[in-house]
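Structure, as structure tokens:
The values are calculated or read from the model by the stated rules, or taken from the named source; none is laboratory data. Note that the structure is a prediction, hence the values are computed from the model and not measured. Cβ sites come from the backbone with ideal geometry, for glycine too, and all protein chains shown count toward neighbours. Areas reflect the complete protein model, heavy atoms only, side chains present, ligands, DNA and RNA absent. Shrake-Rupley method; radii C 1.70, N 1.55, O 1.52, S 1.80 Å.
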Amino acid sequence: MQTYVILRRAGWKSPADLGAAADRSKRVADDDMPDDIRWIRSYVLEEGGGSVGTVCVYEASSPEAIRRHAKLADLPVDEIIAVTDTVVVRPDPVAAQ
């Protein structure tokens, strides 16, 4: 499995739409493609006008598996970038509750 970053710009009209998409994404990955894709984390982007996008980190068997997952889960894919290394300066901050 290779690590990939997936850019999804202005993919959803609202955070609620993103929440529904996240549920579909996890279900498809876990139930339909467990050997091909694993969702690690996503960063939600403020795109203006209430819409949101994401930068998602996945492990996948290939870019084609990411595209198949996106199609099955009805997710946009603007760009898929292979990750060659990770540099962690500080852990991700804990989201405010």
Whole-Hz Karplus ³J(HN,Hα) for the stretch 16-21, in order, using 6.51 cos²θ - 1.76 cosθ + 1.60 and θ = phi - 60°, x for Gly and Pro? 5, 4, 5, x, 5, 5
HN-Hα J in Hz across the stretch 71-85 - Karplus 6.51, -1.76, 1.60, θ = phi - 60°, x for Gly and Pro: 5, 5, 8, 6, 10, x, 9, 8, 7, 10, 10, 6, 9, 9, 6
Would the stretch 51-97 count as rounded, prolate or oblate if I go by the C-alpha gyration tensor, calling it rounded below 1.5 in a/c and otherwise prolate when a/b exceeds b/c, oblate otherwise? oblate
Taking only C-alpha pairs under 8 Å that are 6+ residues apart, what is the relative contact order of the chain in percent? 42 percent
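Given a 1.4 angstrom probe, what's the average accessible area per residue across the chain, in square angstrom? Before the final figure, lay out the partial values.
On the way: 6420 Å² over 97 residues.
Ligands and nucleic acids excluded, the figure is 66 Å² per residue.
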Just one of [x] 1.36; [y] 1.02; [z] 0.96 is Rg/Rh (Cα atoms, Kirkwood Rh) calculated from these coordinates, so which is it? [z]
Could you work out how far apart the two model spin labels at residue 45 and residue 94 are, taking each label as a point 7 Å from the Cα in the direction of the beta carbon, and quote it in nm? 2.9 nm
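Give the carbon-plus-sulfur fraction of the accessible surface of the stretch 1-55 in %, rounded to a whole number; probe 1.4 Å, heavy atoms of protein chains only.
Numbers: 1590 of 3220 Å².
Within the stretch 1-55, the accessible surface is 49 percent carbon and sulfur.
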